[in-house]
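Worksheet: the structure to be examined is printed underneath.
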Amino acid sequence: MNKEPEDLKRKAHWETVYQTKELKDVSWFQPNPATSLEFVKQSNLPKSAAIIDIGAGDSFLVDHLLDMGYTNVSVLDISASALERAKKRLGKRSHHVKWIVSDILDFNPTERYDLWHDRAAFHFLTNNVQIANYESIAARALTEDGNLIIGTFSEIGPKKCSGLDTKQYNEVEMNAVFDKDFTKIKCISENHKTPSDSIQNFLFCSFKKKK
C-alpha cells in the first residue's frame with residue numbers, strides 16, 4: 001500500500017527529531033516513568049503478559065519493565081532511529097524485546113496483547129478519523145479483558161509539542177473516545193517537568209476492554 005504524503009511527512013519529522021536531538025533534550029524525557037509503572041502494577045498482570053508500548057521512541061519504560069521481570073515486551077515507534085537508540089542503550093537485553101517500526105495508524109497487530117501503553121503518540125492525533133482508527137486498532141490488538149493505559153495532554157496541556165499540533169483531553173472526552181470497546185477504570189492528572197523546566201500537564205487513564 002502506498003504511503004500518503006502526510007504519513008511520509010510524519011515519519012520524516014520523527015526521524016529528524018531522533019537523529020538530531022539527544023534523549024535528555026527532548027521534552028518527554030523521563031528517566032523514571034513512575035506513573036506509567038504504577039498503572040502497569042495496578043493491572044496485576046503475570047510476568048509473562050504481552051505488553052506493548054506505543055510511540056515509545058527511546059523511552060525508559062522498556063528498561064523498567066525488563067527490570068520488573070516482564071518477559072514479553074514489544075516497543076512500537078514510527079522512527080527506526082529512535083528504536084535503534086533504545087536497542088543500543090539496552091545492549092544485550094534488547095534481544096528480549098520485540099521492536100516494531102510502524103506509524104500507529106498503519107499498525108496491523110500480528111499478536112494479541114494483555115496491556116497497551118501509550119504516553120507519547122495519542123495526543124498527536126488531531127482529527128476524528130485518526131482518533132477512531134487508533135481506538136479500533138487498540139481494541140483489535142488487545143486480548144479479551146485487556147488493559148489500556150493512555151497518558152495524553154490534559155485540557156490545560158500544551159497545544160504543540162516537538163513542532164506539531166496536539167489535541168487536549170479531559171476525563172469525559174477521553175472516556176467518549178474509548179467507550180465503544182472499553183470501560184474506564186480511573187483517570188489522574190500529572191505535571192511533567194521537561195528538561196527545559198517547563199510544565200506539561202498530562203491526563204492518565206486506564207481502561208479495561210469490554211467482553
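Rule-based calculations on the coordinates, nothing more; no lab input. If you're wondering where the values come from, they're calculated on a predicted model, not measured in any experiment. Positions of Cβ are generated from backbone atoms using ideal geometry, with glycine treated the same way; all protein chains shown enter the neighbour counts.
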Counting other beta carbons within 10 Å of each Cβ, put 96, 123 in order, fewest first. 96, 123
Over 26 Å between Cα atoms, which of 88/210; 167/211; 160/193 qualify? 88/210; 167/211
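Please work out whether segment 38-148 counts as rounded, prolate or oblate from its C-alpha gyration tensor, where a ≥ b ≥ c are the square roots of the eigenvalues and a/c under 1.5 means rounded, while otherwise a/b larger than b/c means prolate and anything else oblate?
Oblate.
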Using Cα pairs under 8 angstrom and six or more residues apart, how large is the relative contact order of segment 35-149, in percent? 29
